[in-house]
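S.K.: Here it is: the structure, laid out below.
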C-alpha cells in the first residue's frame, strides 16, 4: 500500500427530502474539500450521489484538483435508494483497488454517508445486504465508515447498514446544525488521514436540535428612519 494515501468516498443522499438542505449540503461539501486541500498527505476523493440510481461525480480524484460542487450536479428530487448506491459504490471502488498495483493502493479508505433524509431506501439491495457489505469492507480491509444525518433515529439508521453508533453523527435540520456537522466530519476525516483513529469527541459541539425562532412582539418592529 502507499503510505500516507487516503481515499475518501463521500455519498450524498439526493432524495427529494433533502431539497430544503441542498444549499447547506453543497456548502458543507465544498468547505470540507477546501479544508482537506490544506492538509499534509495525499487524498483521493470519490464523490457519489444517491438518487434513483448511483451517480459517480468523481472517481479517486486528487483532492488538489477537485472542483466545487454545483447546484447542477446536486439537485435533490424523487427517491434516493441509499442501500443500492452505497453497495454499488463500494463494489466499484473495491474492483478498482483490487486491479491496482499493491504499491498504489491507499493506506486507508474512509466512507462518509451524508443523508439528511428521514428514511433510507433500497430498490434491489436490502439494509441487511448493505450491512453485510459494510461489515466485510470494515472487517477485512479496515475501511472506516461515518454517517451524518438529521433526526432522532440516526444511530438506528446507521446501525441498519453496519455502521456503529460512535461513527454516526446526528445534527439539527437547519443551516447551523448541518454546517457544524460537516465541519465535524471534516475534522474526523483529517484525524483519520493523520493517524487512522477516529477521535472519541469528534461529535462534540454539534447541535442536535434546531434553534427556535423568537416571536416578535406586536408593535416592536424595526423603527423607521426619520
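Read-outs: derived from the displayed coordinates by stated rules, not from any lab. Remember, it's a predicted structure, so these values are computed and weren't measured experimentally. Here the Cβ is made from the backbone with ideal geometry for all residues, glycine too, and neighbour counts use every protein chain on show.
S.K.: Please build a GNM for the chain, connecting alpha carbons under 10 Å apart, and tell me which residue among 133, 100, 188 fluctuates the most.
M.R.: Comparing 133, 100, 188 in the GNM, the peak value goes to 100.
S.K.: Return the single residue from 146, 97, 69 with maximal mean-square fluctuation; model: Gaussian network over the chain, springs between Cα atoms under 10 Å.
M.R.: Looking only at 146, 97, 69, the largest GNM fluctuation is found for 97.
S.K.: With P(r) over Cα pairs in 5 Å bins from 0, in percent in mind, check (i) 1, 7, 15, 19, 20, 16, 9, 4, 2, 2, 2, 1, 1, 0, 0; (ii) 1, 6, 12, 14, 14, 11, 10, 8, 8, 7, 5, 3, 1, 0, 0; (iii) 1, 7, 14, 17, 17, 15, 12, 8, 5, 2, 1, 0, 0 and report the label derived from this structure.
M.R.: This structure yields the entry labelled (i).
S.K.: Using r as the Cβ-Cβ distance of residue 135 and residue 96, and R0 as 22 Å, what FRET efficiency do you calculate, to the nearest 0.05?
M.R.: E(calc), rounded to 0.05, equals 0.60.
S.K.: Once both axes come from the Cα atoms, what is the angle between helix 82-99 and the longest principal axis of the chain, in degrees from 0 to 90, rounded to 10?
M.R.: That works out to roughly 40 degrees.
S.K.: Can you tell me the FRET efficiency between residue 61 and residue 107 if r is taken as the Cβ-Cβ distance and R0 is 22 Å, rounded to the nearest 0.05?
M.R.: That pair, residue 61 with residue 107, gives E of 0.80.
S.K.: On a 0 to 90° scale, report how tilted helix 127-141 is relative to the longest principal axis of the chain, with both axes built from alpha carbons and the result rounded to the nearest 10.
M.R.: On a 0 to 90 degree scale, this one is about 60.
S.K.: Shifting gears a bit: Pulled fully out, how much extra length does the chain show between residue 194 and residue 75, if you take 0.36 nm times their separation in residues and subtract their Cα-Cα distance?
M.R.: 39.5 nm is the gain from fully extending residue 194 to residue 75.
S.K.: A further question follows. In nanometres, what is the gap between the two model label sites at residue 39 and residue 52, each 7 Å from Cα along Cα-to-Cβ?
M.R.: For residue 39 paired with residue 52, the spin-label model returns 3.6 nm.
S.K.: Right, next: On a C-alpha basis, how far is the centre of segment 41-84 from the centre of segment 139-202 in Å? Whole number, if you could?
M.R.: Cα centroid of segment 41-84 versus Cα centroid of segment 139-202: 18 Å apart.
S.K.: Could I ask something else about it? Can you give the helix-only mean residue ellipticity at 222 nm for the chain, where every DSSP H stretch with n ≥ 4 adds -39500 (n - 2.57) and the sum goes over all residues, rounded to the nearest 500 deg cm²/dmol?
M.R.: Mean residue ellipticity, 222 nm, calculated: -11000 deg cm²/dmol.
S.K.: Further, regarding this structure: Neighbouring Cβ atoms within 10 Å as the yardstick, rank 37, 55 fewest first.
M.R.: 37, 55
S.K.: A further question on this structure: If you line up the long axis of helix 22-37 against the longest principal axis of the chain, both from Cα atoms, how many degrees apart are they, to the nearest 10?
M.R.: So the helix axis and the longest Cα principal axis differ by about 50 degrees.
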